[in-house]
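Values quoted throughout were computed directly from the atomic coordinates according to the rules given, and no laboratory measurement underlies them. Because the structure is a prediction, the values reported are computed rather than measured. Note that we place each Cβ from the backbone using ideal geometry, even for glycine, and neighbour counts take in every protein chain shown.
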Amino acid sequence: MKILMVLTSHDELGDTGKKTGFWLEEFAAPYYTFLDAGAEITVASPAGGQPPLDPKSDLPDFQTPLTGRFKADPAAQAVLASTVKLDTVREADFDTVFYPGGHGPLWDLAQSATSIALIESFAKADKPVGLVCHAPGVLKNVKAANGDPFVKGRTVTGFTNGEEEAVELTEVVPFLIEDTFIAQGADYRKGPDWAPFVVHDGKLVTGQNPASSEDVAKTLIAMVA
């Protein structure tokens with residue numbers, strides 16, 4: 001079981017002067033879920049090397065047993081510090097791909113021709129694609145085989161307008177996932193803010209928020225194991 005994890009390389013939170021990046025729990029929980037299932041994991045990012053960590057995700061309020069495990073795991077830290085460049089990976093080498101969130105992906109991966117082509121390649125090969133929290137936003141510019149938006153007619157979820165409002169970034173993010181998916185013709189679903197909520201539509205698996213990340217990973221494993 002070979003799994004590709006794709007992280008953001010973007011660290012600027014719009015024009016706020018604050019930092020962003022990937023969300024720690026959304027990397028750590030799936031990483032260990034995959035690892036403990038015996039998967040061979042490759043971690044990639046657009047720039048390669050150490051991806052930027054959203055500093056908020058490192059605050060005490062957002063720590064879990066699996067983020068604690070990561071902080072005590074030099075081997076996992078070394079994997080994260082040496083991500084391969086996204087343009088060097090190929091769909092053919094993996095069984096599935098998983099995108100952790102954090103706000104960063106809304107800026108770089110959503111616009112990345114490399115990421116867009118990669119997801120389209122996984123879809124064409126009928127391989128599972130999993131994304132959680134803000135990462136479903138990287139589907140914004142992905143196209144289906146017929147040229148329609150990839151999410152058109154699909155049941156999906158992602159970080160909600162209410163959750164974005166709660167973190168006071170509605171006016172900062174380049175687009176709102178909920179609004180974008182609805183405008184593109186998706187069947188957008190959501191659960192209560194901050195509670196685990198995962199949608200499984202064919203080979204597409206999306207999770208609403210950080211609490212959903214482990215369940216997305218478990219769903220992917222069940223599909224490829």
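Some values worked out for this structure:
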{"quantity": "Cα gyration tensor shape of region 123-175, rounded if a/c is under 1.5, else prolate or oblate by comparing a/b with b/c", "calculated": "prolate"}
{"quantity": "Distance between region 94-121 and region 1-39 - C-alpha centres, whole angstrom", "calculated": "11 Å"}
{"quantity": "Semi-axes of the equivalent ellipsoid for the chain, Cα gyration tensor, largest first, Å", "calculated": "22, 21, 17"}
{"quantity": "Within the chain, helix-based [θ] at 222 nm, where runs of 4 or more DSSP H residues each add -39,500 (n - 2.57), nearest 500", "calculated": "-8500 deg cm²/dmol"}
{"quantity": "Gaussian network model of the chain, Cα within-10 Å springs - most flexible of THR64, THR83, THR42", "calculated": "THR64"}
{"quantity": "Most positive-pole-ward Cα, ALA76, GLY147, ILE177, against dipole of the chain from beta carbon charges", "calculated": "GLY147"}
{"quantity": "Gyration tensor verdict on region 109-225 (Cα atoms; rounded if a/c is under 1.5, prolate if a/b is larger than b/c, oblate otherwise)", "calculated": "oblate"}
{"quantity": "Region 73-148: trypsin sites (Lys or Arg not before Pro) falling in loop per DSSP and having at most 16 other Cβ within 10 Å", "calculated": "ARG90"}
{"quantity": "Residues whose placed amide H lies under 5 Å from that of GLY101, excluding near-sequence neighbours", "calculated": "TRP23, VAL132, HIS134, ALA135"}
{"quantity": "Only Lys, Arg (+1) and Asp, Glu (-1) charged, at Cβ; region 2-224 dipole about Cα centre in debye", "calculated": "600 debye"}
{"quantity": "Region 169-225: chymotrypsin sites (Phe, Trp or Tyr not before Pro) in DSSP loop, at most 14 other beta carbons within 10 Å", "calculated": "PHE175"}
{"quantity": "Sparse-neighbourhood loop sites, GluC sites (Glu not before Pro) in region 145-225 - DSSP loop, at most 11 other Cβ within 10 angstrom", "calculated": "GLU168, GLU171"}
{"quantity": "Of LYS19/LYS71; LYS2/LYS190; LYS2/LYS218; LYS2/LYS152; LYS56/LYS85; LYS18/LYS56, pairs whose Cα-Cα distance is over 22 Å", "calculated": "LYS2/LYS190; LYS2/LYS152; LYS56/LYS85"}
